[in-house]
1. Could you run through the range 326-355 and say how many residues are of a type in the set (S, T, N, Q) and touching a Ser or Thr at 6+ places or on another chain (Cβ under 6 Å)?
2. Do you know which residues across the range 316-341 are among the aromatic types (Phe, Trp, Tyr) and under 15 Å from Met99 (Cβ atoms)?
3. Please verify whether Asp209 is within 14 Å of the ligand (Cβ to nearest atom) and acidic (Asp, Glu), treating the condition exactly as stated.
4. Only one residue in Ser26, Ser47 is in contact (Cβ under 8 Å) with a residue 60 or more places away in the chain and either closer than 21 Å to Ala161 by Cα or β-branched (Val, Ile, Thr) (or both). Which one?
5. Identify the single condition in (1) within 16 Å of the ligand (Cβ to nearest atom); (2) surrounded by fewer than 22 Cβ atoms within 10 Å (Cβ to Cβ); (3) without any contact (Cβ under 8 Å) to a residue 40 or more places away in the chain that Ala199 does not satisfy, given that it satisfies every other one.
6. Check every one of the helices (runs of 4 or more DSSP H) wholly within the range 35-125 and list those with 1 or more residues that are at pLDDT below 95 and surrounded by 14 or more Cβ atoms within 10 Å (Cβ to Cβ).
7. If I go through the range 224-265 residue by residue, how many of them are within 12 Å of the ligand (Cβ to nearest atom) and either touching a Gly at 6+ places or on another chain (Cβ under 7 Å) or in a helix (DSSP H, G or I) (or both)?
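The values are calculated or read from the model by the stated rules, or taken from the named source; none is laboratory data. Model, not experiment: these values are computed from the prediction. For neighbour counting, all protein chains shown are included, and Cβ atoms are generated from backbone atoms with ideal geometry for every residue, glycine included.
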Amino acid sequence: MAEVNIYEGAIDKGLEGVVACTTSISFIVGNNLNYRGYTIDDLAANSTFEETIFLLWNGRLPSTTELDKLKADLNKNMTLDPAFVNVLKTLPTEGVHPMAWLRTAVSLSAHWDADAGDMSAEANMRKAVRLTAKMGAMVTAFEAIRTKREILTPVTGKSIAWNFMRMLKGSEPDAEAVKVFDTCLILHADHELNCSAFATRVTASSLSDLHSAIVSAIGALKGPLHGGANEQVMIMLAEIGTIEKAKQFVKDALDAKEKVMGIGHRVYKDGDPRAAILRKYSKELTAKMGKPELYEMSAMIDDTMQKEKGLMPNVDFYSATVYHSLEIPTDIFTPIFAVSRIAGWVAHANEQYEKNRIYRPRGKWQGKEGLKWAPADKR
Ligand code: COA
């Protein structure tokens, strides 16, 4: 019988085209993204982030009672333990990226979670609620600590989006801004087998605990080729400065074989549906804040990339100017991704635990063979 060549396929191609698992959480068909069978357009127009969390975790939309219970549970669990906050205050913030700080904070939070080592499905759900509730509280605590402001406690009866915006800025947020932000959280909540969801599943597949899986995910999300791209888009726009320079900037980047941040996608080749929704918000909000040139510059980059390279914007491209218009500090953009994507990470960890087999691929050997050890003075 002919030997199967296990090395053929996607070696060194970032596993492109490889189907790594079955999943019923979210899927991409053409330029459509679906969570549990609902299109992202439908959810963005009609749902809330909390309802989307329920959907991702349970595979169906909640009843009113179920949604009220989840909202109350999340709200109750948003407050950070004072002893945990005391330790957080000892962590350096100067020169530390909030994603690096968040990675540490989430790992540290396990020590205040009585269920940390309990792998039962019930304990995993309790941890999921706590982590999801606290993610925004941790990100906003970072901002409060580095700006030497008081860390605000969450307000009962208010959503994750509302509380995040209040705790970030220290004042009651505008209802319209909260609605936009809530939609952004829905749009970022899950995305099939993206890099951080895969990292979550790889860690969960060794039957490691949920906190460890989420810390792995945060590490993966932090990179500029994944969640870190939204921050880089804002930095790029600031560097370009004016619309007149936008086209040339793109051409120079392409000539130099540099990546234009927020553009391109492994799966979407005809456009990312989330970017289409965010593009509209970007146009409206930048005009409202009196900086329409930020949208115009973005649109010019978008058009030039399509013409020059046939590449379209991904979720990070227009979210940058949306967050900027909501007066969110640029380095908080990627942590916001984590505030939302925790919903998907939890769903992926649980799906992995339910039908687990450890991830253990092979590497194709390209090194030397047959070497013999020699003492140091003979090398
Ligand atoms: N700017 C310039 N060229 C890009 C590009 C970008 N943003 N994204 C892809 N390309 C080019 C590559 O250089 C490559 O060109 P080539 O065939 O001439 O060599 C081709 O398009 C394929 O790109 P590749 O990097 O192989 O795609 P990928 O599937 O491995 O990567 C991304 C997908 C998203 C990581 C990639 O498009 C990228 O780095 N984008 C910028 C970062 C970003 O926005 N990340 C957020 C993702 S949601």
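1. Step one: list which residues in the range 326-355 are of a type in the set (S, T, N, Q), which gives 330, 334, 340, 350, 352.
Keeping just the survivors that are touching a Ser or Thr at 6+ places or on another chain (Cβ under 6 Å) gives 352.
The number of residues fulfilling the criteria is 1.
2. Across the range 316-341, the qualifying residues are Tyr323, Phe333, Phe337.
3. Working: within 14 Å of the ligand (Cβ to nearest atom): no; acidic (Asp, Glu): yes.
In short, no.
4. On the way: Ser26 fails: either closer than 21 Å to Ala161 by Cα or β-branched (Val, Ile, Thr) (or both).
Every option except Ser47 fails the conditions.
5. (2)
6. Working: elements: 40-46, 49-58, 64-76, 82-88, 98-109.
Output list is empty.
7. Initial filter on the range 224-265 (within 12 Å of the ligand (Cβ to nearest atom)): 224-233, 236, 249-265.
Still in the running and either touching a Gly at 6+ places or on another chain (Cβ under 7 Å) or in a helix (DSSP H, G or I) (or both): 229-233, 236, 249-255.
Summing the residues that are within 12 Å of the ligand (Cβ to nearest atom) and either touching a Gly at 6+ places or on another chain (Cβ under 7 Å) or in a helix (DSSP H, G or I) (or both) in the range 224-265 gives 13.
Here's the yes/no breakdown for (1) of a type in the set (D, E, K, R); (2) at pLDDT 95 or above:
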| residue | (1), (2) |
| --- | --- |
| Ser206 | no, yes |
| Ile214 | no, yes |
| Lys269 | yes, no |
| Ala275 | no, yes |
| Lys307 | yes, yes |
